[in-house]
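To start, the structure under review is shown below, and the notes come after it.
The values are calculated or read from the model by the stated rules, or taken from the named source; none is laboratory data. A quick note: this is a predicted structure, and the numbers were derived from the prediction, not measured. No Cβ is skipped: glycine too gets one built from the backbone with ideal geometry, and neighbour counts run over all protein chains shown. For the accessible areas, the whole protein counts, side chains as well, though only heavy atoms, and no ligand, DNA or RNA atoms are used. Shrake-Rupley method; radii C 1.70, N 1.55, O 1.52, S 1.80 Å.
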Amino acid sequence: MMKMEKAPAPLIVPNPEDPRLTERVAGTDQTGASVEIRVPVERPLTLYLNAQEIVTMMTIGDYPEYLALGYLLNQNMLRYDDVVTEVEYDDDLQVVVVRTEHHTNFEAKLKKRTQTSGCAQGTAFGDLLEAVESVALPKAELRTSWLYEMTRTINTMPSLYLEAGAIHGCVLCKEGTPVCYTEDVGRHNAVDKIAGWIYRHGVDPADKILYTTGRLTSEMVIKTVRMGIPILVSRSGFTAWGVELARQVGLTLVGRTRGKRFIALSGQERIVFDQNLDYVEEESARHKRKGEERDD
């Protein structure tokens, strides 16, 4: 049980050696030989807000309190100035309950749910667009030296993706340094964990950069803006609506970030080109992800 008093923010990084997060599965490879590989687990987590059941999510199971808080914040069910009195997680029942000072009722909002392009059943509610229209993102800068340092560090850091694949990652960075790195079977879960971490520890998002391994979709743009982060970076590509929304709200949107290359389609005024590309290495083939060559 966790009382919602602000606490110093811990550094969060992947733990690929956590036995709860992967399983070993036997199979056969292309030559007919027997093989055994590690695969990420999926387990259900049911979220309650006070007495109301909200959603059951499929997740790898780490940081359930951050995931619950971040989901509610990013779905506009909680505001950053709301008072959360308690977050209670029951590992046996796979249930997390978020309790607030005031009564909440989201039956009407739950009926307006819309399926988004996020994998693993991501959803966004119809009024989220209205919620981001009034957000004024802070004036920040993105130095290309930070961008290359950040991507190099993330690509070489131990992770579930490098050990088992079939996973998405989201990383909150300050300048070129990761401060919160989360993974999950869906990128929306990974970013929700970061939102919960920010809220739980009172972290200032104004000088932060959000990095994701997944596509830059409308859902990812909305979640980033909801968190008040001015810069969103991905190693993957864009969707048209994601770009349009980013331009409307002034979010810096940088995609196809691999090796020396990147493309910015929104908020280019924040970028400071201070890195000599002669000193930037191309990316190792080990870090390539399924299908990303189609983004080239």
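For this structure, a couple of remarks:
- Global form of the stretch 165-210, assessed from the alpha-carbon gyration tensor, a/c cut-off 1.5: oblate
- Summing charges over neighbours of residue 144, with a neighbour being any other residue whose Cβ is under 15 Å away from its Cβ, gives 0 when K and R count +1 and D and E count -1.
- Net charge, residue 250 excluded, C-beta distance under 15 Å - Lys, Arg +1, Asp, Glu -1: 0
- Protection proxy ranking for 249-260, 40-51, 79-90, using the average of other Cβ atoms within 10 Å per residue and placing the highest first: 249-260, 40-51, 79-90.
- The charge dipole of the stretch 11-78, taken about the Cα centre with unit charges on the Cβ atoms of Lys, Arg (+1) and Asp, Glu (-1), comes to about 80 debye, rounded to the nearest 20.
- The stretch 1-82 shape via C-alpha gyration tensor axes, a/c threshold 1.5: prolate
- Restricting the stretch 205-287 to chymotrypsin sites (Phe, Trp or Tyr not before Pro) in coil, as DSSP defines it, with at most 16 other Cβ within 10 Å: 273
- Counting Lys and Arg as +1 and Asp and Glu as -1 over every other residue whose Cβ lies under 14 Å from the Cβ of residue 12, the net charge comes to -2.
- What the Cα convex hull of the stretch 146-276 gives, in volume per residue, is 97 Å³.
- Average silhouette area of the stretch 198-272, convex hull of alpha-carbon atoms, in square nanometres: 5.0
- Accessible area expressed per residue, the stretch 1-76, with surrounding protein chains retained (probe 1.4 Å, Å²): 54
- Surface composition of the stretch 196-270: carbon plus sulfur atoms hold 51% of the accessible area, using a 1.4 angstrom probe and ignoring ligands, DNA and RNA.
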